[in-house]
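The next block holds one structure in the form of structure tokens; read it before the comments.
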């Protein structure tokens, strides 16, 4: 959570300063590179989720699972980077400003597979060791990212900071892992690498659904409109997305506990899963109100008059925050119950909805039309599509009652009182038997 809060602060500062200094057009070019990079970011998180799930089931195979996960993540990342490079070469060209920015930022993902080691720190409840490294890197590179445009450097120079950040954070995480896990040894299983790679396509679609649709909208904005509208949408999306990162952190931090209950006590697991859904949904509502009441009115002052229209975009994207909260529960259950086919179908339909709305709305409404497209796609992916599919309908039934904020608050407060009373009773019993 500390890392995510720091990320929010840095992302907010970088967006405000860099967007103002570069202007909407150049910031739109930077956003295009980050749009492709965003498709690669979830890979290490996906691998970590699979790694935690399988290590819980096979603790004796931890070394083989870790090594194979790193290789699988590296292969998938390399293939996607190669595909993006070919696409850039065939469209805008590798010598254009847009092409250089995209290739530099996307290339920074090649070392990210080393961050799969996060799974070990999470399961060992020692995440602060790597968090300190990543937060330090984030603060330093964030400061440089802000300083460069203020000093007169352009969008290409800002793009190179992402390579520096990725390299320092990834190598630092790996060094910390080797230092604290003395029992690790390199052990690869081809079968395991193959099985993880097979899981990547659906899991990548599921875990990065929100990112995929927003980044797809940015690419289509550059195509159907211009880089100015891309910059307006990207700046608004960045300001509205920053507070959503704790939702991901909550899902990851709860994973080991939920997995342990799922295996040892199914009844308590169902209660804990419902409480988790209630908590993230309440968090999502709080973020939505904050974005609408605070961030949207401040956007014109922070970004400047050149970003006219960002306020409406922020409000529309803020309304999708509760959908992202539901998606946190959906991601976990899709992974654990291996509902991959359903995820592929749901996301393909969502992509078709997004593209259709983009063609219809972007030429007329620009960034606002792209925001409406994103909301429509996420509504299908996280709610309607889950409800209509027979195999995923049970997830909808779990999450639907948790969307009501008043009853969710009452239930969570009642659970808290029960835990306090239980701890008090245990303490009294301990003191009684200790004195006797």
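Treating r as the C-beta distance of residue 400 and residue 157 and R0 as 35 Å, the FRET efficiency rounds to 0.10. Dividing the helix sum by the residues of the chain, where each DSSP H run of 4 or more adds -39500 (n - 2.57), gives a mean residue ellipticity at 222 nm of -28000 deg cm²/dmol. Here the simple spin-label model places points 7 Å from the Cα toward Cβ, and for residue 82 and residue 294 these points are separated by 4.6 nm. Residue separation of residue 388 and residue 198 scaled by 0.36 nm, minus their Cα-Cα distance, works out to 65.8 nm of gained length.
Under a Gaussian network description of the chain, with springs only between Cα atoms under 10 Å, the residue in 215, 393, 53 that fluctuates furthest is 393. If the chain linking residue 12 and residue 264 were pulled fully straight, counting 0.36 nm for each residue of separation and taking away their Cα-Cα distance, it would gain 86.6 nm. Considering only 398, 133, 411, the mean-square fluctuation computed in a Gaussian network model of the chain, springs between alpha carbons under 10 angstrom, is largest for 411.
State, as an integer percentage, the relative contact order of the range 2-403 based on alpha-carbon contacts under 8 Å between residues 6 or more apart.
On the way: 574 pairs, mean separation 91.2, N = 402.
That works out to 23 percent.
What angle, in degrees between 0 and 90 and rounded to the nearest 10, separates the Cα long axis of helix 62-90 from the longest principal axis of the Cα atoms of the chain? In the chain, helix 62-90 runs at an angle near 20 degrees to the longest axis. With the simple spin-label model, which puts each label point 7 Å out from Cα in the Cβ direction, the residue 89 to residue 338 separation comes to 3.7 nm.
Protection proxy ranking for 260-270, 318-328, using the average of other Cβ atoms within 10 Å per residue and placing the highest first: 318-328, 260-270. Going by alpha carbons, how many degrees (0 to 90, nearest 10) lie between the helix axis of 367-379 and the longest principal axis of the chain? It works out to around 30 degrees. Look at the Cα gyration tensor of the range 306-429: its axes a ≥ b ≥ c give a/c of at least 1.5 with a/b at or below b/c, and that counts as oblate. Once the Cβ-Cβ distance of residue 128 and residue 97 is raised to the sixth power relative to R0 = 45 Å, the FRET efficiency obtained is 0.65.
For the residues 137, 86, 106, a GNM of the chain with alpha-carbon springs under 10 Å puts the largest fluctuation on 86. For residue 56 and residue 226, the FRET efficiency from 1/(1 + (r/R0)^6), where r spans their Cβ atoms and R0 equals 51 Å, is about 0.55.
Between the Cα long axis of helix 2-40 and the first principal axis of the chain there is an angle of about 20°, rounded to the nearest 10.
Rule-based calculations on the coordinates, nothing more; no lab input. Note that the structure is a prediction, hence the values are computed from the model and not measured. As a convention, Cβ positions derive from the backbone with ideal geometry for all residues, glycine included, and neighbour counts pool all protein chains shown.
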